[in-house]
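Read the structure below first, then the notes.
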Amino acid sequence: VGFLGWVLLAFGTSLLASWAGARVGMAPLRAARPSTWFDRARLAFPARAASRFSLLLLPMSFAAFVALMPDDLAHPAWVAFCAALAALAATFRVRLHVERITRGRKVGASEMLRGWVGLWVVMFPHAWVAGAAVALETDRFDARTWATLAGTTLAVAGAFAGGGVALARAVGLARPASPRVVRAVEAAAAATGVRVHAVLEMDLMMANAFAIPAAGMILFTAEAVRTLDDAQLAAVARHELGHLSEGPRVVAGRMAGAALVLVALVAARPISGVLSPGVNLERLLAAALVVLAALVFSLGVVRPLARRMEERADAIAHAPAPHAPAAHAPDERDYASALERLYAANLMPAVTRIAGAHPHLYDRLVAAGAPPAWPRPAPPSRSRYLAAVLVCVGVTIVGCAAAIEITGTPLPFGLPEAGFERP
Ligand SMILES: [Zn+2]
């Protein structure tokens, strides 16, 4: 299979595989025609999650597949890159389709692209640096590797200090907030007694708000500003101000946690290289263990801290400082209604199988003293999600096997010795 063959195979197979997965994932939503937003969100979740997963899985699979071809069929790295890009284009198309169907509105490709870029620039600029570090470091702990590890640590500190926001402002993805938002934040600041240095608005494909405590900064997405009324904006601002009031030890703990996880991921390459030089199965296992350790640390240490801070910010949002002047005393129902509007706009299920840093919406509403009028919904179907992913993986395997059979290309099972060591 030549360059064009790989690109066509990656595009065609990815399109078919992710489309088939999306069909399976969306079948219950199409059949049920839900009448409430939380039913819709629950039924849409498997297809949305599976299409997000294939966006990551298929480009990576094709890149690995091309890169690991045996020596006599080896391609330069850019062929693997182009195959991954083709798979990304196909899965992006299907992801767009899924969002259009599940949200029931036209979602533009540029809107989605802009949202992704914005998210990754503002929230995870350090991830780009870590990716570059993995490419630039060596398999040993030499000066170059230490420099990339130091660079990764600095990037985390820079992101926590608001570096991503500065970057987003430079490229026009973020701007100072409108007077309406500023007024809402001022009301929230008066109610909570927390000061804020900067309030920004940015374009992400979600209705949400963020706080960057070390920079004293609050960001609202344009969709959140459109979705919420003035009182609800102020209520969400109180939650974000709750984050801004986290102590320096919490900020340091969050930063140290993020730095440790990212540095461990970058260090997986030299650690496994020192333990088992060359490219072999032991080395892959060693690298996987380092990544697993970072994951366990993240879930066991970083997330519980984040969860406690979310509950604290929620408490501040629905019941701000009791000594607040009566003129600034907010209505506690505003926060609950704001939360429900944001989740509805994002089609985020009210209850999921695994809660992230935030508790489930249903529990947040109960904690805010405004339990929903509707009964606690079941979480989205896990078997439906797994079926969608399995169909996607199955079609990919069949597509690749067929291409290999037709072209007479031998399977890349001479790996892993064959990979990576080419000039
Ligand atoms: Zn929060």
Name the strands (runs of 3 or more DSSP E) wholly inside the range 193-248 in which the number of residues that are away from the ligand (no atom under 12 Å from the Cβ), under 21 Å from the mean Cα position of the chain (by Cα) and within 21 Å of Leu119 (Cα to Cα) is 2 or more. 198-202, 217-221
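For the range 359-379, give me the residue count where each residue is within 16 Å of the ligand (Cβ to nearest atom), part of a loop (DSSP other than H, G, I, E, B) and at pLDDT 90 or above.
So the count comes out to 2.
Can you confirm whether the range 280-288 contains a residue that is within 16 Å of the ligand (Cβ to nearest atom) and surrounded by 16 or more Cβ atoms within 10 Å (Cβ to Cβ)? Before the answer, list the steps.
To start, the set of residues in the range 280-288 that are within 16 Å of the ligand (Cβ to nearest atom) comprises none.
The answer is no, given that none of the residues of the range 280-288 is within 16 Å of the ligand (Cβ to nearest atom) and surrounded by 16 or more Cβ atoms within 10 Å (Cβ to Cβ).
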Quick check on the range 34-52. Is at least one of its residues surrounded by 15 or more Cβ atoms within 10 Å (Cβ to Cβ), among the aromatic types (Phe, Trp, Tyr) and out of contact with any Leu (no Cβ under 9 Å at 6 or more places or on another chain)? no
Find the residue count for the range 187-201, including only residues that are free of Cβ contacts under 8 Å to residues at least 40 places away in the same chain and among the β-branched types (Val, Ile, Thr). 1
Residue among Arg169, Arg175 that alone is among the charged types (D, E, K, R), in a helix (DSSP H, G or I) and more than 19 Å from the chain's Cα centre (by Cα): Arg169
For the range 341-361, give me each residue that is surrounded by fewer than 20 Cβ atoms within 10 Å (Cβ to Cβ) and farther than 17 Å from Arg308 by Cα. Arg341, Ala344, Ala345, Asn346, Val351, Thr352, Arg353
Only one of these is without any contact (Cβ under 8 Å) to a residue 24 or more places away in the chain and among the small types (Gly, Ala, Ser): Ala49, Ala17, Ala64. Name it. Ala64
Condition check: out of contact with any Gly (no Cβ under 7 Å at 6 or more places or on another chain) and within 16 Å of Leu167 (Cβ to Cβ). Does Ala109 satisfy that? no
Meets criteria (buried (at least 19 other Cβ atoms within 10 Å of the Cβ), of a type in the set (Val, Ile, Thr), within 30 Å of Val196 (Cβ to Cβ) and touching a residue at least 24 places away in the same chain (Cβ under 8 Å)) for Val129: yes
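Tell me which residues, restricted to the range 31-46, are basic (Lys, Arg) and free of Cβ contacts under 8 Å to residues at least 40 places away in the same chain. Full working, then the answer.
As a first pass, look at the range 31-46 and keep what is basic (Lys, Arg): 33, 40, 42.
Once the filter is applied, which keeps residues that are basic (Lys, Arg) and free of Cβ contacts under 8 Å to residues at least 40 places away in the same chain, the range 31-46 yields only Arg33.
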Qualifying position, being assigned to a helix (DSSP H, G or I), within 13 Å of the ligand (Cβ to nearest atom) and at pLDDT 85 or above, among Leu292, Leu339, Leu299: Leu339
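The values are calculated or read from the model by the stated rules, or taken from the named source; none is laboratory data. The shown structure was predicted, so the numbers you read here are calculated from the model rather than taken from an experiment. A quick note on method: Cβ atoms are made from the backbone with ideal geometry, for glycine too, and the neighbour counts reach across all protein chains shown.
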